[in-house]
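Worksheet for the structure shown next.
The values are calculated or read from the model by the stated rules, or taken from the named source; none is laboratory data. Because the structure is a prediction, the values reported are computed rather than measured. Positions of Cβ are generated from backbone atoms using ideal geometry, with glycine treated the same way; all protein chains shown enter the neighbour counts.
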């Protein structure tokens with residue numbers, strides 16, 4: 001293994017098992033004798049927490065939750081719901097992983113220290129004393145392609161130094177991330193894959209087991225990522241922790257017999273003895289009570305590892321090839337994976353969006369009434385603004401007893417006459433109109449307050465869109481019953497899987513939830529990514545149009561070129577429905593409507609292949625605020 005972190009090595013001392021395991025390999029399993037993982041003294045942990053900025057992580061997480069899911073946060077706040085500590089700890093660990101993925105930099109080749117231009121490798125050199133001070137036993141040298149000056153890239157092993165530099169490759173990433181986890185109180189261990197990769201495991205109190213976390217990929221709890229996604233030919237995966245070393249290979253394979261054929265460094269009967277002796281030395285400092293807890297956990301883990309070998313694969317989960325590192329390097333390691341338009345680390349997610357379709361459909365009688373009553377464009381806009389005001393009053397009222405008086409707006413005769421046309425909208429929002437004994441007219445809850453809370457945000461966004469489109473409409477009256485004003489037959493309640501997604505806030509279903517502020521974000525989608533929508537119960541739809549909405553920020557991430565495909569066999573075979581190139585979103589939250597001009601056909605799956613974003617040079621991401629699919633009226 002290259003660049004094995006020195007901070008995880010055991011002093012050789014009396015642990016000499018070279019007769020059972022090659023000396024070079026044994027050296028790689030040395031951990032500083034009698035010290036905890038990554039020299040985790042209180043001082044080092046405090047310094048790490050300070051450098052990592054735990055208050056920032058908590059505040060960042062809270063801000064994102066508030067901005068992306070305001071209605072859900074309201075539900076939590078008004079219901080006085082406080083999640084248990086183990087759930088909060090689990091959520092913070094995942095937030096730490098996502099933050100780490102964004103703040104740590106992968107180095108293919110460093111930029112020139114002098115002019116900042118690209119460099120090319122020139123080989124290795126001896127480390128300087130200032131570099132060995134932080135555990136760098138190897139230093140790579142690069143020459144600038146512009147100024148020809150040399151740049152040194154020391155492969156630091158001291159995680160405290162890595163917290164400062166925040167750059168490197170898998171060894172540095174895992175080394176530093178494991179320290180980060182320990183700094184925040186998580187039991188953590190480093191996993192060494194003898195086919196040249198390193199990652200982290202943390203013990204999740206919520207799950208009651210060790211959980212896989214790969215900081216380089218930003219992926220968690222996907223232990224089959226390497227075998228199934230990267231196509232790695234695993235042999236040994238060894239966990240190194242403060243309480244010993246453990247063979248955890250069985251967690252990362254479903255092809256144990258194939259793996260066994262590659263485990264030739266030591267006999268299978270000798271390996272447990274080798275690891276057990278090292279572990280025994282590590283545990284000499286533990287109390288009998290601590291040992292009892294650790295040994296019980298070891299026994300439970302061994303049983304879990306044996307069970308995992310016989311557990312059934314989730315066929316719906318198609319794991320991706322490696323994403324960290326440049327493409328040429330990944331190809332040279334044969335870790336790029338299979339078909340990039342079918343492999344995904346994302347789970348299949350269900351769209352809970354029937355209420356979105358009902359709300360869109362509910363505006364149909366309103367628009368028809370506008371025409372029947374011969375309202376002018378300005379009068380129609382005024383009615384919609386009054387409606388928006390009522391819904392805002394409802395949003396600001398107590399969650400469980402929402403109500404808003406509409407007496408004041410009934411003075412507007414146009415609105416009063418049009419009020420019955422809003423009955424479908426009220427029903428879609430689980431609301432109803434009531435006349436009190438004193439004659440006052442109110443809008444109040446008619447069903448589940450949670451359903452109303454979720455639907456109100458969608459309805460307000462839909463009203464904003466309708467007001468915008470009415471003001472922009474050049475053929476008022478004629479275009480009232482066409483997209484983008486009338487949004488009938490929106491396909492809903494399907495399932496979605498994407499090439500990747502930004503956890504926890506940029507998941508694939510965010511593109512279908514009808515909420516303007518949410519978005520699907522693909523971390524590596526600037527030069528190509530995909531999202532697949534499969535219909536509920538394999539129902540067939542003939543697509544006639546679709547809408548894409550730009551997200552809340554970062555216009556450089558907007559899609560520019562894409563291909564839309566349809567499938568009548570759930571995605572086994574695809575046919576092109578439409579292609580778009582050089583598309584441009586002028587504003588944030590801008591919806592653009594695209595009609596299917598070619599001959600369509602019944603489909604039960606749709607796939608968007610996004611080929612490029614607005615700026616592929618300075619940006620690696622793609623993001624979309626919403627995707628709405630509209631079917632032909634039967």
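The condition of being over 30 Å from residue 605 (Cβ atoms), in contact with a helix residue (DSSP H, G or I) (Cβ under 6 Å, 6 or more places away or on another chain) and at pLDDT below 95 holds for only one of 470, 485, that being 470.
Residue 522 meets the conditions (1) modelled with pLDDT of 95 or more; (2) closer than 20 Å to residue 95 by Cβ in every case but one. The failed one is (1).
Before we move on, is residue 628 touching a helix residue (DSSP H, G or I) at 6+ places or on another chain (Cβ under 9 Å), under 14 Å from residue 564 (Cα atoms) and either in contact (Cβ under 8 Å) with a residue 40 or more places away in the chain or in a strand (DSSP E or B) (or both)? In short, yes. If the condition is being part of a helix (DSSP H, G or I) and surrounded by 16 or more Cβ atoms within 10 Å (Cβ to Cβ), then segment 427-450 contributes 428, 449. When the residues of segment 519-533 are filtered to those that are in a loop (DSSP other than H, G, I, E, B) and buried (at least 23 other Cβ atoms within 10 Å of the Cβ), the one that is nearest to the chain's Cα centre (by Cα) is 519.
Okay, residues lined up against (1) closer than 19 Å to residue 204 by Cα; (2) surrounded by fewer than 17 Cβ atoms within 10 Å (Cβ to Cβ):
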{"site": "232", "(1), (2)": "no, no"}
{"site": "248", "(1), (2)": "yes, no"}
{"site": "262", "(1), (2)": "no, yes"}
{"site": "273", "(1), (2)": "no, yes"}
{"site": "278", "(1), (2)": "no, no"}
{"site": "282", "(1), (2)": "no, no"}
{"site": "287", "(1), (2)": "no, yes"}
{"site": "300", "(1), (2)": "yes, yes"}
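Only one entry of 213, 190 meets the criterion of being closer than 17 Å to residue 170 by Cα, surrounded by 21 or more Cβ atoms within 10 Å (Cβ to Cβ), at pLDDT below 95 and touching a helix residue (DSSP H, G or I) at 6+ places or on another chain (Cβ under 8 Å), and that entry is 190.
Can residue 367 be described as in a loop (DSSP other than H, G, I, E, B), out of contact with any strand residue (DSSP E or B) (no Cβ under 7 Å at 6 or more places or on another chain) and either at pLDDT 95 or above or buried (at least 16 other Cβ atoms within 10 Å of the Cβ) (or both)? No: the conditions fail for residue 367. Take residue 584 and decide whether it is touching a residue at least 24 places away in the same chain (Cβ under 8 Å), within 27 Å of the chain's Cα centre (by Cα) and in a strand (DSSP E or B). In short, no. Just so you know, in segment 112-164 the residues that are on the phi > 0 side of the Ramachandran plot and exposed (fewer than 14 other Cβ atoms within 10 Å of the Cβ) include one that is farthest from the chain's Cα centre (by Cα), and it is 148. Of everything in segment 463-500, what is assigned to a loop (DSSP other than H, G, I, E, B) and without any contact (Cβ under 8 Å) to a residue 60 or more places away in the chain? Give them in sequence order. Matches in segment 463-500: 474, 475, 478, 479, 482. Answer yes if at least one residue in segment 538-555 is more than 24 Å from the chain's Cα centre (by Cα), farther than 22 Å from residue 495 by Cα and touching a residue at least 12 places away in the same chain (Cβ under 8 Å), and no otherwise. There is no residue in segment 538-555 that is more than 24 Å from the chain's Cα centre (by Cα), farther than 22 Å from residue 495 by Cα and touching a residue at least 12 places away in the same chain (Cβ under 8 Å). Taken over segment 329-364, residues that are assigned to a strand (DSSP E or B) and either surrounded by fewer than 16 Cβ atoms within 10 Å (Cβ to Cβ) or modelled with pLDDT under 85 (or both) amount to 1. Within segment 370-387, if we keep just the residues that are under 41 Å from the mean Cα position of the chain (by Cα) and more than 10 Å from residue 414 (Cβ to Cβ), the residue that is surrounded by the fewest Cβ atoms within 10 Å (Cβ to Cβ) turns out to be 385.
Inside segment 200-210, residues that are under 12 Å from residue 94 (Cβ atoms) and buried (at least 17 other Cβ atoms within 10 Å of the Cβ) make up a count of 2.
Pick from 460, 503: which is within 30 Å of residue 570 (Cα to Cα) and touching a residue at least 24 places away in the same chain (Cβ under 8 Å)?
503
Only one entry in 237, 174, 183 is touching a residue at least 40 places away in the same chain (Cβ under 8 Å), closer than 25 Å to residue 331 by Cα and touching a helix residue (DSSP H, G or I) at 6+ places or on another chain (Cβ under 6 Å), namely 237. Quick check on my filter: what residues within segment 170-211 are closer than 22 Å to residue 142 by Cα and more than 21 Å from the chain's Cα centre (by Cα)? 171, 172, listed by residue number.
Sub-6 Å Cβ pairs linking a first residue in segment 92-107 that is free of Cβ contacts under 8 Å to residues at least 24 places away in the same chain and at positive phi to a second residue that is assigned to a helix (DSSP H, G or I) and buried (at least 18 other Cβ atoms within 10 Å of the Cβ), at least 6 apart or interchain, number zero.
As a summary of the residue check, residue 435 satisfies the conditions (1) touching a strand residue (DSSP E or B) at 6+ places or on another chain (Cβ under 6 Å); (2) modelled with pLDDT of 90 or more except for the one numbered (2).
Looking at segment 170-178, can you tell me whether even one residue there is over 13 Å from residue 252 (Cα atoms), touching a strand residue (DSSP E or B) at 6+ places or on another chain (Cβ under 7 Å), modelled with pLDDT under 95 and surrounded by fewer than 20 Cβ atoms within 10 Å (Cβ to Cβ)? Checked segment 170-178: no residue is over 13 Å from residue 252 (Cα atoms), touching a strand residue (DSSP E or B) at 6+ places or on another chain (Cβ under 7 Å), modelled with pLDDT under 95 and surrounded by fewer than 20 Cβ atoms within 10 Å (Cβ to Cβ).
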